[in-house]
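Accompanying notes for the structure given below.
The values are calculated or read from the model by the stated rules, or taken from the named source; none is laboratory data. Bear in mind the structure is a predicted one, so any value in this text is a computation, not a measurement. Cβ placement follows ideal geometry from the backbone for every residue including glycine, while neighbour counts extend to all protein chains displayed.
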Amino acid sequence: MRKALYLLLPIGAYFFGAFLSEYLGKSIKRFHFLRWDTVLIGIEILTVVVLGFLPAKAPDQICQVVLNFICSMQFNTFRQMEGIPAATTFVTNHIRQVGHFLAKYVRHHEKTYSSRVKAHGRLILFFLCGAIVSTVTCRFFEYRSIWGSALILLIVFGRLFYADISYEKDLLTRVPHGH
């Protein structure tokens, strides 16, 4: 019974992450300064930095529940890439999409299918790069390797922040597709 109750924690964290990202995503626009996706990347950076400071003896479940929460927020917030539905936290769907659109392209030779293959292929490539970087950082930094993701997130945050205050400033009030 105790184990069954424990399983409610990561599931609850995932549920609450989706709820909170949906709720805050709409509320943040009132400030007309940063888009919700930029704010979320900032939250992710803070989260992985804090998790990196946990002692090695800390229960793994702490990271699991916190990352379930953050990944749910990310999955719910980043639903599209270049107008194409995309799951940013899972690679398996992109592998399926490449196969699906490659078959359509071979059959019909339409540019739309080719561009979808390339878009999903890029996401697979990014996942692969992330796996390689994670493997290398784990080897050298062990429990602090999570900070490698903070570095990548910092680059993403910088690009989103710059877009929010400059060339995409007029998009601050736009509701993201899928919300």
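Kindly list, by first and then second residue, each pair from a residue in the range 6-29 that is touching a residue at least 40 places away in the same chain (Cβ under 8 Å) to a residue that is in a helix (DSSP H, G or I) and exposed (fewer than 14 other Cβ atoms within 10 Å of the Cβ), limited to pairs with Cβ atoms under 9 Å and residues at least 6 apart or on different chains.
TYR6/GLN61; LEU9/GLN61; LEU9/GLN64; PRO10/GLN61; PRO10/GLN64; ALA13/GLN64
Among (1) farther than 30 Å from ILE165 by Cα; (2) crowded, with 20+ Cβ neighbours inside 10 Å; (3) of a type in the set (A, V, I, L, M, F, W, C), which single condition is ILE62 missing?
(2)
Is it true that some residue in the range 141-150 is touching a Leu at 6+ places or on another chain (Cβ under 8 Å) and assigned to a helix (DSSP H, G or I)? Lay out the reasoning, then the answer.
Applying the first criterion (touching a Leu at 6+ places or on another chain (Cβ under 8 Å)) to the range 141-150 yields 143, 146.
Still in the running and assigned to a helix (DSSP H, G or I): 143, 146.
Taking every residue of the range 141-150 in turn, at least one turns out to be touching a Leu at 6+ places or on another chain (Cβ under 8 Å) and assigned to a helix (DSSP H, G or I).
Does VAL106 fit the bill of being aliphatic (A, V, I, L, M), within 30 Å of LEU54 (Cβ to Cβ) and assigned to a helix (DSSP H, G or I)?
On the way: aliphatic (A, V, I, L, M): yes; within 30 Å of LEU54 (Cβ to Cβ): no; assigned to a helix (DSSP H, G or I): yes.
Against the criterion (aliphatic (A, V, I, L, M), within 30 Å of LEU54 (Cβ to Cβ) and assigned to a helix (DSSP H, G or I)), VAL106 does not qualify.
Quick one: how many residues across the range 26-81 are of a type in the set (Gly, Ala, Ser) and under 19 Å from ARG159 (Cα atoms)? Walk me through how you get there before you give the answer.
Going through the range 26-81, the residues of a type in the set (Gly, Ala, Ser) turn out to be 27, 42, 52, 56, 58, 72.
Within this subset, residues satisfying the condition of being under 19 Å from ARG159 (Cα atoms) are 42.
Number satisfying all stated conditions: 1.
Could you check, for the range 90-98, whether at least one of its residues is modelled with pLDDT under 90, under 22 Å from THR137 (Cβ atoms), in contact with a Phe, Trp or Tyr (Cβ under 8 Å, 6 or more places away or on another chain) and loosely packed, with under 15 Cβ neighbours inside 10 Å?
Yes, the range 90-98 has at least one match.
Can you pull out every residue in the range 120-144 that is in contact (Cβ under 8 Å) with a residue 40 or more places away in the chain and over 14 Å from the mean Cα position of the chain (by Cα)? Walk me through how you get there before you give the answer.
First, pick out the residues of the range 120-144 that are in contact (Cβ under 8 Å) with a residue 40 or more places away in the chain: 123, 142-144.
GLU142, TYR143, ARG144 - these are the residues of the range 120-144 that are in contact (Cβ under 8 Å) with a residue 40 or more places away in the chain and over 14 Å from the mean Cα position of the chain (by Cα).
Filter the range 99-123 for residues that are hydrophobic (A, V, I, L, M, F, W, C) and loosely packed, with under 15 Cβ neighbours inside 10 Å; which is farthest from PHE75 (Cα to Cα)? Don't jump to the end; show me each part of the working.
Of the range 99-123, the ones hydrophobic (A, V, I, L, M, F, W, C) are 101-103, 106, 117, 119, 123.
Then drop every residue that is not loosely packed, with under 15 Cβ neighbours inside 10 Å, which leaves 103, 106.
Numbers: ALA103: 27, VAL106: 31 Å.
Only one residue tops the list, namely VAL106.
Taking the condition of being outside any helix (DSSP H, G or I) and either under 14 Å from the mean Cα position of the chain (by Cα) or not acidic (Asp, Glu) (or both), how many residues in the range 60-87 meet it? Spell out how you get there, then give the answer.
Within the range 60-87, the subset outside any helix (DSSP H, G or I) is 78-87.
Of the ones still in play, those that are also either under 14 Å from the mean Cα position of the chain (by Cα) or not acidic (Asp, Glu) (or both) are 78-81, 83-87.
Count: 9.
Could you grab me the full set of residues in the range 10-59 that are exposed (fewer than 13 other Cβ atoms within 10 Å of the Cβ), among the hydrophobic types (A, V, I, L, M, F, W, C) and outside any helix (DSSP H, G or I)?
PHE53, ALA56, ALA58
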